[in-house]
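Participant: Please see the structure below; I have some questions.
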Amino acid sequence: MPAVTQLLTVLTDKEVGDIYQASLAVLEKTGVQFEDPGAAQFLQERGCAFNSETMRVTFPAAVVEASLKTCPQSFMVKARNPKHDLLFDGTRVYFTSHSAPRIIDPETRQRRSPALQDVSDMITIIDSLDNIHALLTLTGELTDKPPEVGPEWVFAEIFRKSEKTTVGPAFRDCAKWIIEMAAVAGEGLIGITTCTPSLYFSKTDTDSLKIYAQAGHPVTVGSGIACGGTGPVTLAGTLVQQTAEALAGLVFAQAVKPGTGIFCLTETAPIDMKTGDVAWGSIEVGLLHVALAQICRFLGIQSLTLFPMTNSLVSDQQTGYEKGMQTLMMALSGVNYLTGGGGVYSESALSLEQLVIDNDIFGMATRALQGITVTDETLAVDVIAEVGGARSSYLRHAHTRTWFKNEMYFPCVSNRLPHQAWVREGSKGVVARAREKAHDILKTHQPAPLPAEAERELAHILTSVEKSRLEKKCA
Amino acid sequence: MEQMEIITGLEQSVLDCDTEGARQWAAKALEEKIDLMQAINLGLIKGIKAMGDAFGRGEAFLPDLILSSEAMKAASDMFEEALKASGAVWKATGGTLVIGTVKGDIHDIGKTLVATLFKAAGYTVIDLGVDVPKEKFVEAVVSHQPDILGISSLLTTSAGEQKAVIAALQERGLRAQVAIMIGGGAVTQAWADQIGADAYAGDAREAVEAGNMLMAARKERSH
C-alpha cells in the first residue's frame, strides 16, 4: 500500500546525513570481520582493504558510494498469484507474518514444538487474511519429520498451501533448495542474510547472500543489534553500527551481482537492563524503525524489519499495545516490509489467534497510512447543502453509501457491538473472538492448489534434500 | 411486460439501493396494472428482507440498509397512493408499527435502524421521525391504527417523554388498542416496567424479536 499521508520522521535530514557519514567512518576505520577468507579476498579485489590476520575488511567511502549506485530503485517479488506480487519502489508498506520456532498450542495454550499440521494450519490462516501480504512461518524442527530436513518441509508446505510470497532463510545450507522450490512454484523470494553484530559476517551468511543474489533474488543486509550489548546503548550509535553492517553487506551483494535488490533488515532492540533479556516490545524499537525508514530512503534502498514484537508471554493488553504502537510507528514512517504477524512470547512463538488480531492491527495501520482524501467530492459541500440542518441525517444520502467503505476500515475481530448484542454473542473478549475466527478459517478456507506437476517436483526436491543431508551426516 | 419481470425489477432496485429504479419499476407496475400486493410482498419486501438478512450477517452495512429502505419507500408510497385512490385498503401481513424519537431528542440512527429492520421483517412502518411531540404519537395511533407503537429516547433528559406519551394515550382511551415498545440509550427494562410499556428492546434485533412476540400475543387475544 503506497503511503498517501505525510510520513512520520524522528531525524532531521542533517541527522540522517550525520549517521550515514559516521557509518562510513566505521567502515573505513574499524571495518567488518569476515569468517570466510574467500569472501574477504573477493571484496579486496573490488577496492576494499583486507587484513588477513584480523580478518577485517575495511571499506573506502568511494566503494560504498559506487555500490549504492548499482542498487535498483525498484523491483518486484513475484507471487504464484499476481494479486500477491510485491512491488518495492520505496513507497510501499507490506505486512507479513512472524517467523518463530514454536507454536502456542490452540487447545492447551502451552508453547510447544510444531508438527507439519501446525505449519499447514498457520499457512492456511495467513493465506486467508487480507492485511497479511506475504508469509513467514515456523522455522524450527518439526516433531514429525527428520531434524535434517525440517525447514525444507516447512517451505514445501508454504509453496503448496499459499499463493503469497515468502522469504528464504540463510540458516544451514537450505538456500539452494528453497530457491529450487520457489522456481517450481513460480515465485520470487527475498533472501534473508544478516551481519552478526558487532561487525561480523559469518560464512553461512556470505554464502547464502551469494546464492540468493546469483539466482537473481533480492537480499536483506543488516543486523539485529541488542543496544547496550552487541551495539552502543545510544540509539544514534546503534543506528551508525546497523547502517555500517548493512552497507558492508550491500557492497558484497553488489559485488556478487550488480543490480541486486537490497533491503536493510533490522531485528534491533535495546537490552532490558533489569533482566538482560531483549526489550522486544519497547517503544525504542519504534523510534529505531522510523529512523531506519528515513535512512533507507536516503540511501535509496528498501527497509525490512522482523518487528513488531512483544515481551508479553500471553495474548494480553501488553501484546496489543506493544505491537500496536510499534506497527503504527513503522507503518507511518514508511518501513517497506514488516513481519511480526502472529508472533508472541518474546518473539519465540506463533499464535493462531494473534495472527487474526494482528491482521486487524495491520489493517488499522494501513488505513492510517492512507490518510485523508481531499477532493471536491469528499469535501462534500453540495451534500452538506442538501442535508445540513437540524433533524437531518447523512445516513440517508447516497454520498454516505458511496464513500463509507473507502473512508472507514472495518476491523474483523475488534468488538464494536453495543452492550446488549455483545452479551447475546457470549460476552467474549478479542482473544476468544480471534480464536473462533481462526477455527472458522481452518474449516472454510481452501488455499489454491499447486499444479500436480509442481507438486511432484516439490516432492522430488524433498527426497533429494533428505538424501543429501543424510549422506553428509554419515560422512 | 411480464409481471415477474417487474417484480424482480422492484426487488433488485431495493437490493441495489436504487431509488430512481424503484420509482420506474413502480410506475411500470401501475401502468401494467399488475397485482400490487404481489409487487409489494414478492418484490419490495423480498428485497428489503434479503438486505436485512445480509445486514444481520455483517455483509451489508447501515447505509446499504437505510438506502435500500428509502428505495422501497419510494415505490411503496406510489403503490399506497394508487391503492387509496382505488378505495382498497393495504395492510402488510406482518402488522403495523408506528415509531418515533420523543420530543427533545433528535437522535435518529437507532430508531431508523429499528424501523428498517421491522420493514425487513414484513411490517408496515410509519416513521414519525425525531423530536416528535406526544400529540403527534397520539394522532398517529388514531390515524394508522398500528399494532405496535415504538417510542425511542437516547437521552436520559427526554426519557420522561416516553411516560408522557403513554399517559396521553391513556387519557384518550387508546392505550389498550396498541402494544407499546420502548428503547434507546437511556432506557432499561426497569424503566419500561415503571411506565407501563409492554416491551423493551436493547437493540434493533431484539426490537424485532420483541415486536414479533407482541404480534403473536395480540393475535392470540383476538382469537
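The values are calculated or read from the model by the stated rules, or taken from the named source; none is laboratory data. A quick note: this is a predicted structure, and the numbers were derived from the prediction, not measured. Glycine gets a Cβ as well: all are built from the backbone with ideal geometry, and neighbour counts include every protein chain shown.
Participant: Give all pairs with beta carbons closer than 6 Å in which a residue from the range A:418-447 that is at positive phi meets a residue that is at pLDDT 95 or above; count only pairs at least 6 apart in sequence or on separate chains.
Facilitator: No pair meets every condition.
Participant: Only one of (1) under 30 Å from A:Asp127 (Cβ atoms); (2) more than 14 Å from chain B (Cβ to nearest Cβ) fails for A:Thr375. Which number is that?
Facilitator: (1)
Participant: Additional query: Out of the strands (runs of 3 or more DSSP E) lying entirely within the range A:32-110, which hold 2 or more residues that are modelled with pLDDT of 95 or more and within 18 Å of the chain's Cα centre (by Cα)?
Facilitator: Because the criterion is at least 2 residues that are modelled with pLDDT of 95 or more and within 18 Å of the chain's Cα centre (by Cα), the strands (runs of 3 or more DSSP E) in the range A:32-110 that meet it are A:75-77, A:86-88, A:94-97.
Participant: If you don't mind, there's one more thing I want to ask. Go through A:Val233, A:Val240, A:Val256 for me and flag whichever is touching a residue at least 24 places away in the same chain (Cβ under 8 Å), surrounded by fewer than 24 Cβ atoms within 10 Å (Cβ to Cβ) and touching a Cys at 6+ places or on another chain (Cβ under 9 Å).
Facilitator: When all the criteria are applied, what remains is A:Val233.
Participant: Just one of A:Gly281, A:Gly249 is more than 20 Å from A:Leu11 (Cα to Cα), part of a loop (DSSP other than H, G, I, E, B), in contact with an Asp or Glu (Cβ under 9 Å, 6 or more places away or on another chain) and modelled with pLDDT of 95 or more; which is it?
Facilitator: Selected residue: A:Gly281, the only one of A:Gly281, A:Gly249 that is more than 20 Å from A:Leu11 (Cα to Cα), part of a loop (DSSP other than H, G, I, E, B), in contact with an Asp or Glu (Cβ under 9 Å, 6 or more places away or on another chain) and modelled with pLDDT of 95 or more.
Participant: Separate question: Given the conditions (1) buried (at least 19 other Cβ atoms within 10 Å of the Cβ); (2) more than 23 Å from A:Phe201 (Cα to Cα); (3) within 18 Å of the chain's Cα centre (by Cα), and given that A:Ala246 satisfies all but one, which numbered condition is not satisfied?
Facilitator: Looking at each condition in turn, A:Ala246 falls short on (2).
Participant: With B:Ser69, B:Ser13 as the choices, which residue is at pLDDT below 95, in a helix (DSSP H, G or I) and among the hydroxyl-bearing types (Ser, Thr, Tyr)?
Facilitator: Selected residue: B:Ser69, the only one of B:Ser69, B:Ser13 that is at pLDDT below 95, in a helix (DSSP H, G or I) and among the hydroxyl-bearing types (Ser, Thr, Tyr).
Participant: Can you confirm whether the range B:157-180 contains a residue that is away from chain A (no Cβ under 14 Å), under 19 Å from the mean Cα position of the chain (by Cα) and within 27 Å of A:Glu425 (Cβ to Cβ)?
Facilitator: No, the range B:157-180 contains no residue that is away from chain A (no Cβ under 14 Å), under 19 Å from the mean Cα position of the chain (by Cα) and within 27 Å of A:Glu425 (Cβ to Cβ).
Participant: Please pick out the residue among A:Val26, A:Val57 that is in contact with a Cys (Cβ under 6 Å, 6 or more places away or on another chain), touching a residue at least 60 places away in the same chain (Cβ under 8 Å) and either loosely packed, with under 15 Cβ neighbours inside 10 Å or not aromatic (Phe, Trp, Tyr) (or both).
Facilitator: None of the other options fit; the residue is A:Val57.
Participant: Further, regarding this structure: Here are some conditions: (1) of a type in the set (Gly, Ala, Ser); (2) surrounded by fewer than 22 Cβ atoms within 10 Å (Cβ to Cβ); (3) within 10 Å of another protein chain (Cβ to nearest Cβ). B:Ala54 meets all but one. Which one does it not meet?
Facilitator: Condition not satisfied by B:Ala54: (3).
Participant: Could you check A:Ile126 against (1) within 14 Å of the chain's Cα centre (by Cα); (2) over 19 Å from A:Leu265 (Cα atoms); (3) in a loop (DSSP other than H, G, I, E, B) and say which number it fails?
Facilitator: Tallying (1) within 14 Å of the chain's Cα centre (by Cα); (2) over 19 Å from A:Leu265 (Cα atoms); (3) in a loop (DSSP other than H, G, I, E, B), A:Ile126 fails exactly one: (3).
Participant: Would you point out the residue of the range A:389-403, among those that are more than 13 Å from B:Ile109 (Cα to Cα) and out of contact with any helix residue (DSSP H, G or I) (no Cβ under 9 Å at 6 or more places or on another chain), that is nearest to the other protein chains (Cβ to nearest Cβ)?
Facilitator: A:Ala390
Participant: Here's another thing I want to ask about it. So, A:Arg367, is that one charged (D, E, K, R), without any contact (Cβ under 8 Å) to a residue 24 or more places away in the chain and either crowded, with 17+ Cβ neighbours inside 10 Å or more than 30 Å from B:Glu206 (Cα to Cα) (or both) or not?
Facilitator: no
Participant: Would you tally the residues in the range B:19-59 being assigned to a helix (DSSP H, G or I), over 17 Å from the mean Cα position of the chain (by Cα), aliphatic (A, V, I, L, M) and farther than 16 Å from B:Val114 by Cα?
Facilitator: Of the residues in that region, 9 qualify.
Participant: Please work out which residue is surrounded by the fewest Cβ atoms within 10 Å (Cβ to Cβ), limiting yourself to the range A:370-398 and to residues that are modelled with pLDDT of 95 or more and within 20 Å of B:Glu20 (Cβ to Cβ).
Facilitator: Across the range A:370-398, the extreme among qualifying residues is A:Asp382.
Participant: Let me ask another. Within the range A:426-444, how many residues turn out to be within 14 Å of chain B (Cβ to nearest Cβ) and over 35 Å from the mean Cα position of the chain (by Cα)?
Facilitator: 0
Participant: Continuing with this model, one more query. Looking only at the range A:205-225, count how many residues are part of a helix (DSSP H, G or I), in contact (Cβ under 8 Å) with a residue 60 or more places away in the chain and not charged (D, E, K, R).
Facilitator: 1
Participant: Give me a count of the residues in the range A:144-164 that are of a type in the set (Asp, Glu) and surrounded by 23 or more Cβ atoms within 10 Å (Cβ to Cβ).
Facilitator: So the answer is 1.
Participant: While we're looking at this one, here's another question. Of the residues in the range B:200-223, how many are more than 14 Å from chain A (Cβ to nearest Cβ) and either closer than 18 Å to B:Pro133 by Cα or hydrophobic (A, V, I, L, M, F, W, C) (or both)?
Facilitator: Counting residues in the range B:200-223 that are more than 14 Å from chain A (Cβ to nearest Cβ) and either closer than 18 Å to B:Pro133 by Cα or hydrophobic (A, V, I, L, M, F, W, C) (or both) gives 5.
Participant: Does at least one position in the range A:408-420 carry a residue that is away from chain B (no Cβ under 14 Å) and either out of contact with any Leu (no Cβ under 8 Å at 6 or more places or on another chain) or charged (D, E, K, R) (or both)?
Facilitator: No, that holds for no residue.
Participant: Among B:Val114, B:Val98, which is the only one that is at pLDDT 90 or above, closer than 28 Å to B:Lys219 by Cβ, away from chain A (no Cβ under 13 Å) and in contact with a strand residue (DSSP E or B) (Cβ under 8 Å, 6 or more places away or on another chain)?
Facilitator: So the residue among B:Val114, B:Val98 that is at pLDDT 90 or above, closer than 28 Å to B:Lys219 by Cβ, away from chain A (no Cβ under 13 Å) and in contact with a strand residue (DSSP E or B) (Cβ under 8 Å, 6 or more places away or on another chain) is B:Val98.
For every residue, the table says whether it meets (1) more than 17 Å from the chain's Cα centre (by Cα); (2) of a type outside the set (S, T, N, Q).
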position: A:Gly188; (1), (2): no, yes
position: A:Thr206; (1), (2): yes, no
position: A:Ala213; (1), (2): yes, yes
position: A:His217; (1), (2): no, yes
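Participant: Still on this structure, please answer the following. Which residues, counting only those in the range B:179-217, are within 16 Å of B:Val98 (Cα to Cα) and touching a residue at least 60 places away in the same chain (Cβ under 8 Å)?
Facilitator: If the condition is that a residue be within 16 Å of B:Val98 (Cα to Cα) and touching a residue at least 60 places away in the same chain (Cβ under 8 Å), then B:Gly183, B:Gly184, B:Ala201, B:Ala204, B:Ala207, B:Val208, B:Gly211, B:Asn212, B:Leu214, B:Met215 are the ones that fit.
Participant: Does the range B:122-145 contain any residue that is surrounded by fewer than 20 Cβ atoms within 10 Å (Cβ to Cβ), away from every other protein chain (no Cβ under 14 Å) and touching a residue at least 60 places away in the same chain (Cβ under 8 Å)?
Facilitator: Yes, that holds for at least one residue.
Participant: Follow-up question, since we're still on this one. Condition first: β-branched (Val, Ile, Thr), crowded, with 24+ Cβ neighbours inside 10 Å and part of a loop (DSSP other than H, G, I, E, B). Now tell me which residues in the range A:296-324 satisfy that.
Facilitator: Matches in the range A:296-324: A:Ile301, A:Thr310.
A quick yes/no check of all residues on (1) under 19 Å from A:Thr58 (Cα atoms); (2) at pLDDT below 95; (3) of a type in the set (Phe, Trp, Tyr); (4) touching a strand residue (DSSP E or B) at 6+ places or on another chain (Cβ under 7 Å):
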position: A:Ile211; (1), (2), (3), (4): no, no, no, no
position: A:Val219; (1), (2), (3), (4): no, no, no, yes
position: A:Thr230; (1), (2), (3), (4): no, no, no, no
position: A:Thr234; (1), (2), (3), (4): no, no, no, no
position: A:Gln241; (1), (2), (3), (4): yes, no, no, yes
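Participant: So B:Val187 passes all but one of these: (1) buried (at least 21 other Cβ atoms within 10 Å of the Cβ); (2) closer than 21 Å to B:Lys49 by Cβ. Which condition number does it fail?
Facilitator: B:Val187 satisfies every listed condition except (2).
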